[in-house]
Amino acid sequence: MSRKAADIINDQVKKKPNSVLGLATGGTMMGAYAALVDDYKQNGTSYQQIKTVNLDEYIGLEPEHPNSYHYYINGHFFNRVDIPKDQTYLPNGLAKDIEAECQHYESLIEQIGGMDLQLLGIGQNGHIGFNEPGTSFESTTHIVELASLMRQANSCFFNRLEKVPTHAITMGIATIMKSKKILLLVSGKKKAHIIAQLFTGKVTTQIPASILNTHPNVIVIADQEALSLLSPEKRKVYV
Ligand SMILES: N[C@@H]1[C@@H](O)[C@H](O)[C@@H](COP(=O)(O)O)O[C@@H]1O
């Protein structure tokens, strides 16, 4: 799964060496970044002209905090390839004025030309980035209060639930949808239910990822466990 994802990202980088890549974090992405780093070492894929924008970041965590998304993406990707650090962008969860930071991030994405390819994971309830069920499809970069399911799902990375931050900054759903191409990676049994719902084609704010059904260029890469509840009819068409 990660190999396939890395091939698609590599293709994008080769075809357009100054692409803007939208990046995601989370357990699912680790293999994809590892595969990209392998390619970089073996084939010398260059990221010198690439720009990146990350989907989200917790509010209140230092970039050096091991659970911050800054730390994650530096460790899994940026520190291991030749991308110049000043071409990589993440929301600043330490900004004094978080509202202003959200607006700044949204305009920055526009200024650099928007994402050519957005890498995306999905939460068990269908969230994308930190956009929880009920978030408007028109939303741009904004502050979110993290729902308890999300905090619980992420608590394995912190040692106590109380240590999981209560707020985050996330690209909005409209921000994500502006990407020219979207690559959704889904892994494991826990995601099977949401994948089955996604492939019904029904678009509802109760499942934020369902908006992807209206995007013209989405690739879903999933493992067998994540696909295990997909109906035989859908399998024939999509798998
Ligand atoms: N904010 C992140 C999302 O960007 C990520 O895609 C999702 C799935 O994470 P995982 O791949 O660990 O299941 O949850 C987190 O809360």
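None of the figures in this text is laboratory data; all of them are computed from the coordinates on show. Model, not experiment: these values are computed from the prediction. Cβ placement follows ideal geometry from the backbone for every residue including glycine, while neighbour counts extend to all protein chains displayed.
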Handout entry: Residue of GLY172, GLY75, GLY121 that the Gaussian network model of the chain assigns the largest fluctuation, springs spanning Cα pairs under 10 Å
Key = GLY75
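On average, how much area does the Cα convex hull of the chain cover when viewed from any direction, in nm²?
If I average the Cα hull's projected area over directions, I get 12.3 nm².
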Handout entry: Per-residue ³J(HN,Hα) for the range 171-182, Karplus 6.51 cos²θ - 1.76 cosθ + 1.60, θ = phi - 60°, Hz, x for Gly and Pro
Key = 4, x, 5, 5, 4, 4, 5, 6, 4, 5, 9, 10
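Relative contact order of the chain: what whole-number percent is it, with Cα pairs under 8 angstrom and at least 6 residues apart?
Relative CO of the chain lands at 21 percent.
Given R₀ = 30 Å, what would the calculated FRET efficiency be for ASN18 paired with ILE219, taking r from the Cβ atoms and rounding to 0.05?
Here the calculated transfer efficiency is 0.90.
Around ALA226, what is the net charge, scoring Lys/Arg as +1 and Asp/Glu as -1 over all other residues with Cβ under 14 Å from its Cβ? Walk me through the numbers before you get to the answer.
Details: positive: LYS4, LYS189, LYS190, LYS191, LYS234, ARG235; negative: ASP223, GLU225.
Taking every Cβ under 14 Å from that of ALA226, the sum is +4.
Would you mind working out the magnitude of the charge dipole of the chain relative to its Cα centre, with +1 at each Lys and Arg C-beta and -1 at each Asp and Glu C-beta, to the nearest 20 Debye? Kindly include the intermediate steps, with their values, before the conclusion.
Details: 23 positive and 23 negative charges, 193 e Å.
It works out to roughly 920 debye.
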Handout entry: Per-peptide average of other Cβ atoms within 10 Å, ordering 229-239, 9-19 highest first
Key = 9-19, 229-239
Practice task
Once you've got the Cα coordinates, tell me which of LYS15/LYS234; LYS4/LYS41; LYS202/LYS234; LYS51/LYS180; LYS85/LYS178 are over 22 Å apart.
Solution key: LYS15/LYS234; LYS85/LYS178
Handout entry: Gaussian network model of the chain, springs between alpha carbon atoms under 10 Å - residue of THR200, THR88, THR141 with greatest fluctuation
Key = THR200
Exercise for the section: Set the Förster radius R0 to 45 Å, insert the Cβ-Cβ distance between LEU108 and ARG235 as r into 1/(1 + (r/R0)^6), and round the FRET efficiency to 0.05. Expected result: 0.65
Handout entry: Neighbour-limited loop hits for GluC sites (Glu not before Pro), the range 1-99 (at most 14 other Cβ within 10 Å; DSSP other than H, G, I, E, B)
Key = GLU64
Practice task
Using a Gaussian network model of the chain whose springs link C-alpha atoms within less than 10 Å, name the residue from LYS189, LYS41, LYS96 with the highest mean-square fluctuation.
Solution key: LYS96
Handout entry: More than 13 Å apart - percent of Cα-Cα pairs taken over the range 82-138
Key = 73 percent
